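Take a look at the structure set out below.
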Amino acid sequence: MSVDLALAQEPEAEATPLPPVTVETQGAAPKAKKKAAKKKASAAAVGVPSQQPVVAPQKPAGIPRTNDGTAHGPVEGYVAQNTATGIKTNTPLKEIPQSISVVGTEQMRDQGVQSVSEALRYVPGVVAESHGADSRVDGYFIRGIAAAEYLDGMRRNFSDFWYGYRGDPYLMERIEVLRGPAAVSYGQSPVGGIINSVSKRPTGETGGEIGFEYGTFDFKQMKFDTNGLITTDGSLAYRVTGVVRVADSQTDHVEDDRFAIQPGITWKPTSDTTVTLLGHYQRDRSGSTQQIWARVGTLYPNVNGRRIPRSNFMGDPGDYFDTDVAAGTLFIEHDINPAIKVKHVSRYSDVQKKYDVKYPAIWGYTDFATQESMMRAAERSDANARTFTQDTNIEVGLVTGALKHRILSGVDYAHLSTDRVYGTFLDVNSVLFGYNVYNPPYTMGDWIPFGCAQGCFTDQTITQTGVYLQDQMRLGNWIGVVGVRHDWVENDTVSSAPPAASQSVAKKQQATTYRAGLMYEFAFGLTPYISYAESFLPVAGTNRQGTPHDPQTGRQYEVGFKFQPTGANFAINGAVFDIAETGRLVPDGTFQRQLGAVSVKGFEIEAVGQLTRNLKIMGGYSYTQAEYDDKRPHAHNGMQIESVPKHLASMWALWEFDQPMLKGWSVGGGARYIGENWTEKSNASTVVHEIPSVTLYDAMIAYENENWRWQLTGRNLEDKYYVSTCLARGDCWLSTARTITTGITYKY
């Protein structure tokens, strides 16, 4: 057996080799000729044919949109070539035996998205906006399981509602959906999949854009993105991206204001080393657009045939839901030699979250004759989460005989420290006289403690350390991936949760997870695969008794294919999967408890890319049979998981005109079908309620020249009133109303 570390110098085999281990440089671009040569080398590395794919003409001004084969660079059109989300190395998507979708900046721009949830509306297998129009958090399910949020490959939110925040898609280069377990790569991840957002970093180019938008609900927003060089030799580059928003919302008395800025600097001391420091500050001032109304009046009309308008507000005009985020991320990459690469990324974030919100106390009416008045409750919370994460690995390319390897070995670490003080209250006036939800009086309530007086607290620390080893292999046209990981987790909680007194609980756990996948690459662009993967997810929070939750575990079998015709910027992907999960969280009053098991089976198909020179499309369909498999008394056994439709379908198309009189104009539109889903089942009741299916329509029109772009976007054009989900306790969550936005952008 021979071992050759000089993998990059080995003659090419007939099949595409594993990509060489190279630093993903984004620092300098000193000369146009060198830049062009670099693009050709990158294209060869990913096996892109020499003939040009069918793509629309490039716009010379603004932030570059060319995909140079890196895992975190801009996406050309709607099809990304490479990703690091699947297996932590810069790898072509067609060589990863797991289902992955990538939503780039161009697609987000065309669809006019304003949140991460909106960016995923057309991704198959993903229930975006799973809890409706929610100004507090983004919500989504992947393959029937609540997804975890990552940023640049590290966990961003551990508990979305109490300690998390909404990311802004304008600060992101791409948003990637990895379906299925990712524990070997990331450790702390659910079995359904993860959402990994990739931050905009300095590109080494000079240019930028500034835009202004106005829309429904007095939406006013300014966005800017500027790129440039600090030194003439290109060794130092910068990028600053920001968003300033002043807006109302579809709910009366609820604002949605934001200030966010993301500065970054890249230092490239040599051609083998890249160091990037990225800052992030975000200030959200909002309330709760979700009023969590009763089923009667939303899912069903009341006795007078009326439904509660989406704009109605249950709270007091002074209610708030405020978030402040400060974070810093460090990226270091270094080529030791052509076959060995070292990579480090670390981030520290501090999230402050305060809110005072009102909602129905009992999801029923105090006046049974007219069904118009309810009781009110309130929750006040002051929470802080401090998170440090890091991931350090070494990547080695080698050859043993006819078998080529890319071996990845690393260690990652996460430390979450949270503290939260909270209280719950009841409006005595609403108990005595009711509170009219159809004609809210907006009178201040007479609040008394209920359940937990102000001063109840939960302090929690979660520490996780993981070590992992992975081998990507190629033998001719065969591609294989195997991996193993071991995690150590410590969860310490101190809480006061009525009826229990203050208590302290510590848990130490560890787990080993595995993955394996096998693919065969046909010359005409088809790559079928089969894979197995496991998940392990420590869960923040406690149950009603103050006991920390156990980690969630799961496994998945998947069979699928990836097809990208030779020379085309177009792809079709499909997968069939079988998932089993334990430890799922379900509501228990204002707390959560864990179930025994969940079973999810289904399939997905996706088509995306540049179909012709003028036409870009993306479409998909998914079938998800997601059922509880908990056989305890009064359990959820055999029931479809709430908020998860069995059927999801979507199609988006955009036409770019190139006729002389219409050059620069583009029109697009899409339809989203969300199948019927069902409410939760409580422990004491077997009653479930069907939430009807809905089809929503979106459209856009735009004009663009070298320096300017104007766009008009409409979503939910028919302004359909629909319910996204209902919970067992009796409340339902309304979805987004029709929104129209227009904006103009100057590119330089």
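Consider F217 against the criteria (1) within 17 Å of the chain's Cα centre (by Cα); (2) at pLDDT 95 or above: it satisfies all of them except one. Which criterion is unmet?
Only one criterion in (1) within 17 Å of the chain's Cα centre (by Cα); (2) at pLDDT 95 or above is unmet by F217, namely (1).
Being part of a loop (DSSP other than H, G, I, E, B), surrounded by fewer than 16 Cβ atoms within 10 Å (Cβ to Cβ), touching a Ser or Thr at 6+ places or on another chain (Cβ under 9 Å) and of a type in the set (A, V, I, L, M, F, W, C) is the requirement here; does V254 meet it?
no
Here are the criteria: (1) surrounded by fewer than 16 Cβ atoms within 10 Å (Cβ to Cβ); (2) assigned to a strand (DSSP E or B). Tell me which single one D367 does not satisfy.
Result: D367 fails condition (2) only.
I'd like the residue in the range 237-251 that is assigned to a loop (DSSP other than H, G, I, E, B) and polar (S, T, N, Q) and, out of all such residues, is surrounded by the most Cβ atoms within 10 Å (Cβ to Cβ).
Taking the candidates together, the pick is T251.
Just give me the residues in the range 710-738 being more than 15 Å from I691 (Cβ to Cβ) and either touching a residue at least 24 places away in the same chain (Cβ under 8 Å) or of a type in the set (S, T, Y) (or both), in sequence order.
Within the range 710-738, W710, Q711, L712, T713, G714, R715, R729, T736, A737, R738 qualify.
Run T392 past the list (1) touching a His at 6+ places or on another chain (Cβ under 7 Å); (2) buried (at least 17 other Cβ atoms within 10 Å of the Cβ) and report the number of the one that doesn't hold.
Going through (1) touching a His at 6+ places or on another chain (Cβ under 7 Å); (2) buried (at least 17 other Cβ atoms within 10 Å of the Cβ) one by one, T392 breaks only (2).
Could you count how many residues in the range 117-172 are assigned to a helix (DSSP H, G or I) and more than 12 Å from the chain's Cα centre (by Cα)? Walk me through how you get there before you give the answer.
Here is the first cut: in the range 117-172, the ones assigned to a helix (DSSP H, G or I) are 117-119, 160-163, 169-171.
Applying the additional criterion that residues be more than 12 Å from the chain's Cα centre (by Cα) yields 161-163, 170-171.
Matching residues across the range 117-172 total 5.
Considering only the range 192-236, state which residues are assigned to a strand (DSSP E or B) and of a type in the set (V, I, T).
I194, I195, V198, I210, T226
Going by the conditions given, is V481 crowded, with 21+ Cβ neighbours inside 10 Å, assigned to a loop (DSSP other than H, G, I, E, B) and on the phi < 0 side of the Ramachandran plot?
Judged against the criteria, V481 is not a match.
In the range 113-147, how many are buried (at least 24 other Cβ atoms within 10 Å of the Cβ), over 18 Å from Y722 (Cα atoms) and small (G, A, S)?
Here the count works out to 4.
Could you tell me whether the range 260-269 includes any residue that is surrounded by fewer than 23 Cβ atoms within 10 Å (Cβ to Cβ), part of a strand (DSSP E or B) and within 21 Å of the chain's Cα centre (by Cα)?
Yes, the conditions are met somewhere in the range 260-269.
The values are calculated or read from the model by the stated rules, or taken from the named source; none is laboratory data. This is a predicted model, so every value here is computed, not measured. Reconstructed Cβ throughout: ideal geometry from the backbone, glycine too, with neighbour counts over all protein chains shown.
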